Amino acid sequence: TRISMTKIKICGLQSIEHVLTAANAGADFIGFVFVPGVRRHIAEEKAREIIEGYKRIKTELHHISIVGLFANQSLDEVNRIVKECDLDFVQLCGNESVSYCRRVESKVIRQIKVETRSRKEDILPVLFQHVEQVLSHKSIPLLDRLEDGHLGGTGKAFDWSIAGEISKSFDIVLAGGLSPENVDRALIKANPWGVDVSSGVETKGDKDTDKILDFTKAVQQSDQLRSERNQERN
């Protein structure tokens, strides 16, 4: 049972084994990458097979939301895959407009890229504006590091204290460079609503069952510790 509330998303999955590992460990979201030409891209047929397989046996497991990742793809294609694969969420990682987001036929997670070259006090006002805009059309904001030439996740962290400033006002998902070893520090600094991991639970580019378990456990333990500390303070 989850003590706390930090939502966990395991992304870039490509096998039923790793989906079940994530579900059994208490993840809240699993992500499949439908962006053509990126390393963790999964064919629609394969994703559908995995999702159907999971849904057949999920009765004993707690409910997981299924997310498809897309970037600058046609709305028709996105909505077709939502239907075909029975997705709960679409995560948009490109330059999709607000009106595009509104026409997606599922709930939306919107990636917001955080740049790392400017000073924190210059980055924050722009970021606040982005997050408010995403929330105004009922989407979930996900903060990830901006890397030129990268559409999806970069596997690199940005300054978590920036996310911490935003999370004082809004629920955000934190992504970028998280791993079983550093996620507790990230939670303390950023206090996000949710965390998203992909390369941090891989070994040599492939998902690693032990690392998925270690990551979810690290989040749950951190949550438990923080909730105990809060109770002591109160």
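The values are calculated or read from the model by the stated rules, or taken from the named source; none is laboratory data. Worth saying up front: this structure is predicted, and the values here are computed from it rather than measured. For neighbour counting, all protein chains shown are included, and Cβ atoms are generated from backbone atoms with ideal geometry for every residue, glycine included. Remember, those area values only see protein heavy atoms, side chains included, never the ligands or the DNA or RNA. Shrake-Rupley method; radii C 1.70, N 1.55, O 1.52, S 1.80 Å.
Among the candidates K113, K58, the residue that is among the charged types (D, E, K, R) and outside any helix (DSSP H, G or I) is uniquely K113. Which ones in segment 16-37 are surrounded by 15 or more Cβ atoms within 10 Å (Cβ to Cβ) and part of a loop (DSSP other than H, G, I, E, B)? Within segment 16-37, G26, A27, D28, F34, V35 meet the criteria. Beta carbons closer than 8 Å, at least 6 apart along the sequence or on distinct chains, pair a first residue in segment 155-172 that is of a type in the set (D, E) with a second that is part of a loop (DSSP other than H, G, I, E, B) for D159/T116; D171/P192; D171/W193. Given the options S106, S65, name the one that is within 25 Å of E49 (Cα to Cα), in contact with a helix residue (DSSP H, G or I) (Cβ under 6 Å, 6 or more places away or on another chain) and surrounded by 13 or more Cβ atoms within 10 Å (Cβ to Cβ). None of the others qualify; the one that does is S106. All of (1) touching a strand residue (DSSP E or B) at 6+ places or on another chain (Cβ under 9 Å); (2) polar (S, T, N, Q); (3) open to solvent by 70 Å² or more (accessible area, probe 1.4 Å) hold for S169 with one exception: (1). Looking at this structure, is A175 more than 26 Å from V35 (Cα to Cα) and either surrounded by 20 or more Cβ atoms within 10 Å (Cβ to Cβ) or at pLDDT 95 or above (or both)? So A175 fails the test.
Can you find a residue that is over 24 Å from D28 (Cβ atoms) and assigned to a loop (DSSP other than H, G, I, E, B) anywhere in segment 119-140? The answer is yes; a qualifying residue exists.
Might you let me know whether segment 123-145 holds any residue that is crowded, with 16+ Cβ neighbours inside 10 Å, more than 20 Å from K7 (Cβ to Cβ) and of a type in the set (F, W, Y)? So far as segment 123-145 goes, no, none of its residues is crowded, with 16+ Cβ neighbours inside 10 Å, more than 20 Å from K7 (Cβ to Cβ) and of a type in the set (F, W, Y). If you check R56, R80, R48, R40 for being open to solvent by 20 Å² or more (accessible area, probe 1.4 Å) and under 20 Å from L178 (Cβ atoms), only one passes: R40.
What do you reckon, is R80 in a loop (DSSP other than H, G, I, E, B), basic (K, R) and either more than 13 Å from G31 (Cα to Cα) or free of Cβ contacts under 8 Å to residues at least 60 places away in the same chain (or both)? Judged against the criteria, R80 is not a match. For segment 181-214, filtered to residues that are in a helix (DSSP H, G or I) and of a type in the set (V, I, T), the residue that is surrounded by the fewest Cβ atoms within 10 Å (Cβ to Cβ) is I188. When Q224 is tested against (1) free of Cβ contacts under 8 Å to residues at least 40 places away in the same chain; (2) assigned to a helix (DSSP H, G or I); (3) exposed (fewer than 14 other Cβ atoms within 10 Å of the Cβ); (4) of a type outside the set (S, T, Y), exactly one condition is not met: (1).
Looking across segment 43-72, the residues that are within 21 Å of E96 (Cα to Cα), of a type in the set (A, V, I, L, M, F, W, C) and without any contact (Cβ under 8 Å) to a residue 60 or more places away in the chain come down to I66, V67, F70.
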